[in-house]
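Report on the following structure.
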Amino acid sequence: MPQIADPAITQELVAKHGLTAEEFERIKAILRREPNFTELGIFSVMWSEHCSYKNSRKELKKFPTSGPNILVKAGEENAGVVDIGDGWAVAFKIESHNHPSAIEPFQGAATGVGGIIRDIFTMGARPEFLLNSLRFGPIIPPVGGDGVSPNRKSQIAANRRLFTGVVSGIAHYGNCIGVPTIGGEIYFDESFEGNPLINVFCLGVLRHEQLARGAASGVGNPVFYVGAETGRDGLAGAAFASRELTEESREDRPAVQVGDPFKEKLLLEACLELLATDAVAGIQDMGAAGLTCSTCETASRGGTGVEIDLAKVPKREPGMTPYEILLSESQERMLIIAKRGKEDVVREVFEKWDVPCAEIGRVTDDGMMRVRNNGSIAAEIPAKPLADEAPLYAREVTPASPTPTLDLSTVPEINSERALRQLLSEPTIASKNWVFRQYDHMVRTGTVVRPGSDAAVFRVRAANKILAATTDCNSLYCRLDPREGGRIAVAEAARNLTCSGAVPLAVTDNLNFGNPYKPENFWQLREA
């Protein structure tokens, strides 16, 4: 098949990749030349907000991230790890899949579950349970809404479609892979119409000595690609997730990944079995930015370089370009840095579990992410500047207009019983049994307190520990007063745990805010 020539690098092409003129000049200074088309795509995803946190990192650094029981701090690896005593630890994390779920609700939510599970077993932990935190537009007409307009009916129908698709996607992936979904929360509000928030939490358990790291250590060590073959789905998904959602976003449907929980189950078991041997020097999930992020991030963490050959990457579609292979976010894939001499151990484990496995490169000592394609160089970029030195911004802030004070004298009187019934009928407050009955919350038989309580409670038999976890946030409070709403969210989560009989141990968060280039949005983030 003849290769299509790369397009010329123009200002329009740079802007289309979400990069500013100043960032492009910075890229040229790093490379000491102009990037080619593939390298432009690599910088586009790695310097997106989704991967680099270039607009929010300065704010996130304000969090307290250390403590006597913290084994892996936030931001160091794929997930944080916390000591729970007796040589045991938990790895846990929450992340969003908002834009993909708005475009393709079933696959967007399903692959969100798959991605967070990989983040946990990448740390060497066995995933134990899932939670989720969901936000949608209204799914029922307002009370007394006999005169609902056709447009409003259409919007409510669209909200229901998103809602049922997301819940089905979460249930499908979690149920098939055999990790119970044991709690969560759901809110409905007009502010989430067309742009739902889909956050998924996963917790896993490990022994201290089982902790795995995502660093490419050991010059000369072989680099293995394991898991599903690379396709064109999820192409540049990290850059897509960093853009503002608009009416034109449906054209980005190819940026949504397609998941296979059965493949992920095989990958999970194979990786945990391999990690129990002495064959692994480093391991990294191919999550956001796919093969690109796993290659440059492991090299940066290890203070080394990595060289790979795309001709050796397992593919499920013919004629894929280096740009497509590197930026694909196909699911159920991992990068493993094996110890020299242990190559056959890696191959035997993945052959046993019938999971594709290919040696695609090696660790080098020059600090470069070097990508070959049948021998010729497709990309050559210093790993550390690419992975860790994206430009950081402190955006302009504009405080939101103060909320008008409610004059209680203008509120009409209403029958208290009627008011209570109306409140309890609201989907945000009403029983969520109609949702969580779709989740298999009893698989692994560790669930002590079932969904619907203040906090999920789960018994880990191997560690002889009982864990409680919750996810909570009152979005309306955060909208009215982001700082107070953020404080209340932490306090409410702590109360939920306390009500279950647990002692709060550690917090993880997943902040969902609007476009940071809008001063009012950035003010909300800073305050919260």
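The values are calculated or read from the model by the stated rules, or taken from the named source; none is laboratory data. None of the values given here were measured: they were computed from a predicted structure. Methodologically, a virtual Cβ is constructed for each residue, glycine included, from the backbone with ideal geometry; neighbour enumeration extends over all protein chains shown. For the accessible areas, the whole protein counts, side chains as well, though only heavy atoms, and no ligand, DNA or RNA atoms are used. Shrake-Rupley method; radii C 1.70, N 1.55, O 1.52, S 1.80 Å.
Taking 15 Å as the straight-line reach from the Cα of LYS518, the aspartates and glutamates in range (excluding those fewer than 8 positions away in the same chain) are GLU49, GLU244, GLU396, GLU527. Between PHE63 and ARG33, the simple label model (points 7 Å from Cα in the Cβ direction) yields a spacing of 4.0 nm.
The heavy atoms of HIS50 present about 70 square angstrom of accessible area, all protein chains included, probe 1.4 Å. Accessible surface for the range 254-299, divided over its residues, is 26 Å² per residue with a 1.4 Å probe.
The length gained on full extension between THR398 and GLU76, counted as 0.36 nm times the residue separation minus their Cα-Cα distance, comes to 112.8 nm. Report ARG26's accessible area, 1.4 Å probe, all protein chains in place, as a number in Å² to the nearest 10. Around 100 Å² of this residue is reachable by solvent. Length gained on full extension, THR508 to ILE84: 151.1 nm, using 0.36 nm per residue less the C-alpha separation.
The stretch between ARG495 and ALA276, if pulled fully straight at 0.36 nm per residue, gains 75.1 nm over its current Cα-Cα span. Sticking with the crude label model, points 7 Å out along Cα→Cβ, report the distance from LEU406 to ARG160 in nm, one decimal please. Label at LEU406, label at ARG160, 2.9 nm between them. Give me the angle, in degrees from 0 to 90, between the Cα long axis of helix 37-46 and the longest principal axis of the Cα atoms of the chain, rounded to the nearest 10. Helix 37-46 and the main axis of the chain meet at about 40 degrees. Rolling a 1.4 Å probe across the protein heavy atoms gives the range 375-421 an accessible surface of 74 Å² per residue. For LEU386, what charge total do you get from the other residues with a beta carbon under 10 Å from its beta carbon, if Lys and Arg give +1 and Asp and Glu give -1? Taking every other residue near LEU386 into account, the sum is -3. Of the accessible area of the chain, computed with a 1.4 Å probe over protein heavy atoms only, carbon and sulfur atoms account for 51 percent. The range 21-99 and the range 424-481 have Cα centres spaced 28 Å apart. Which net charge results for the neighbourhood of ASP440, defined as the other residues with beta-carbon distances under 15 angstrom from its beta-carbon, given Lys and Arg at +1 and Asp and Glu at -1? Here the count lands on +3.
Helix 21-31: angle to the longest alpha-carbon principal axis of the chain, degrees 0 to 90, nearest 10? Taking Cα atoms only, the helix is inclined about 30 degrees. Mean separation of Cα pairs under 8 Å and 6 or more residues apart, divided by the residue count, gives the chain a relative contact order of 18 percent. With a Förster radius of 60 Å applied to the C-beta separation of ILE377 and LEU423, the computed FRET efficiency comes to 0.40. Between the range 282-345 and the range 131-188, the C-alpha centres lie 36 angstrom from each other. Return the FRET efficiency for the residue pair ARG483, ARG340: r is the Cβ-Cβ distance, R0 is 51 Å, and the value is rounded to the nearest 0.05. Efficiency, rounded to the nearest 0.05: 0.45. Estimated at the nearest 10 Å², the accessible area of ARG135 is 10 Å² with a 1.4 Å probe.
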